[in-house]
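To start, the structure itself, in structure tokens.
Every number here is computed from the coordinates shown, using simple stated rules; none is lab data. Keep in mind that what you see is a predicted model, and the values were worked out from it rather than measured. Neighbour counts run over all protein chains shown; Cβ positions are idealised from the backbone, glycine included.
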Amino acid sequence: MGIRIVIIGAGPGGLTAARSLTAAGHRVRILEQAPALRTSGGSVTLWPGSIRILRELGADPSDLGSRLTRLEGWAPDGERLMTIDLTRAERAHGAPSVHLTRRALAERLAEGVPVEYGSEVVAVAPERAEVTLADGRTISGDVLVGADGRDSAVRRALWREDPAERTPWVTWQTFAGAPEELVGSGRSLVITGEEGMCGLSPAGPGRVLCWFEVRTAPGRPLWLDEADPVVRLKEVFGGWRGLVPEVLSVVTDLEAFPHWRHKVPRTWGRGPTTLLGDAAHTMPPSLAPGTNQAVEDAWLLARSLSDLRGYERTRAGQLRLPARLAGAEITNQPGRRVPGGLMSTLYSWWIRRSSGYLSSRPG
Ligand SMILES: Cc1cc2nc3c(=O)[nH]c(=O)nc-3n(C[C@H](O)[C@H](O)[C@H](O)COP(=O)(O)OP(=O)(O)OC[C@H]3O[C@@H](n4cnc5c(N)ncnc54)[C@H](O)[C@@H]3O)c2cc1C
């Protein structure tokens, strides 16, 4: 008979952990503060390592999104600077890179997982693996896993401080049926210049995620006080040519996603309590680390329950480089012309380097 595990948070990290720990024979309770599955937000890119983990757990979401075959980097004047052939990494690692809505991913991951909704954790006793809920109930297990995101209550109880800080960057994002040439394609584009970055990625049937990353002006939080962000974005990106003006002429209802980060410590838990996903390592979305690294945590945790500090140390080592690159927001820096062959090889290396799952398998 397995041990009793209490997971706080039914985001991608908590749901993957629930699947992974249940598959390993443990008794899992998963508590979520929201009254129902949280499906808002933009879309995410899942790398080959995550797709293989989710396949093993019976929750492969590939059919719900767009299989990416090319990642292109463009300059604001409409010049293509590089093309990464993503099929090379797909062949090397046995799974595609897939871009899909957060909603589609959450729904696939939650299938058959008995989430206890409306269960907000308000107090945590890490040494006893025990939580108190807003309705007064107390719940404990043999192991407590904080998968409760960037503003984690479990992390606060463990660390007694909130190390997460905002970076100067914010993403404005929405879904559109344009640009037409990307709908239903495998092409994902990033256009970078001094003003910021525009990303365009097919995200499943009929849909493209259009996002703009802009640097917050000191003293003027662009993500808070913009009555009509499209007007402001047209000012910022007004001099750009090609697809960007076309996109800005059709998008509406942009939503803001501010970027946060904190340093990844060597270990992050205490006694029978640990963390995973954004609770342990909040990062900006540069190079799409958030969901992929949460899935990687969940996979390793299910194999490391008898050594939680070992799990944390291993993951901290694997996370150092992704955290550094994401924290530096490297995908928002103006692009340079780079040979496609070199970038395709580098991308494939990166996919393996940032996946503990893939690294543990013969190359
Ligand atoms: C609503 C939402 C929208 C998002 N949109 C985007 C986006 O557009 N782009 C992007 O790159 N990333 C987005 N993210 C972040 C992204 O989901 C994560 O970076 C990544 O998937 C890692 O997931 P996670 O499971 O660690 O954390 P999260 O996805 O943040 O999930 C944490 C879960 O814990 C729950 N929770 C928090 N506190 C408590 C508590 N006290 N008691 C019980 N439950 C609690 C939350 O309600 C949430 O469901 C979003 C997250 C959320 C919650």
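For chymotrypsin sites (Phe, Trp or Tyr not before Pro), the sites in segment 91-172 that DSSP calls loop and that have at most 16 other Cβ atoms within 10 Å are Tyr117. Here the Karplus curve 6.51 cos²θ - 1.76 cosθ + 1.60, taken at θ = phi - 60°, turns the phi angles of segment 158-163 into couplings of 6, 9, 6, 7, 10, x Hz, with x standing for Gly and Pro. Membrane-span-like helices in the chain, defined here as complete DSSP H runs extending at least 24 Å along the helix axis by their C-alpha atoms with mean Kyte-Doolittle hydropathy no lower than -1.0, are 308-327; this is a sequence and geometry rule, not a statement about a membrane.
Taking the centroid of alpha carbons for each part, segment 20-87 and segment 297-360 are 14 Å apart. Computing FRET efficiency as 1/(1 + (r/R0)^6) for Glu127 and Arg320, where r is the C-beta to C-beta distance and R0 is 22 Å, gives about 0.20.
Here the Karplus curve 6.51 cos²θ - 1.76 cosθ + 1.60, taken at θ = phi - 60°, turns the phi angles of segment 249-263 into couplings of 7, 10, 7, 9, 6, 6, 10, 8, 10, x, 9, 10, 7, 8, 5 Hz, with x standing for Gly and Pro. Ellipticity at 222 nm from helices only: DSSP H runs of n ≥ 4 in the chain, each -39500 (n - 2.57), divided by the residue count, give -9000 deg cm²/dmol.
In terms of its alpha-carbon gyration tensor, segment 263-308 comes out oblate; a/c meets the 1.5 threshold, while b/c is at least as large as a/b.
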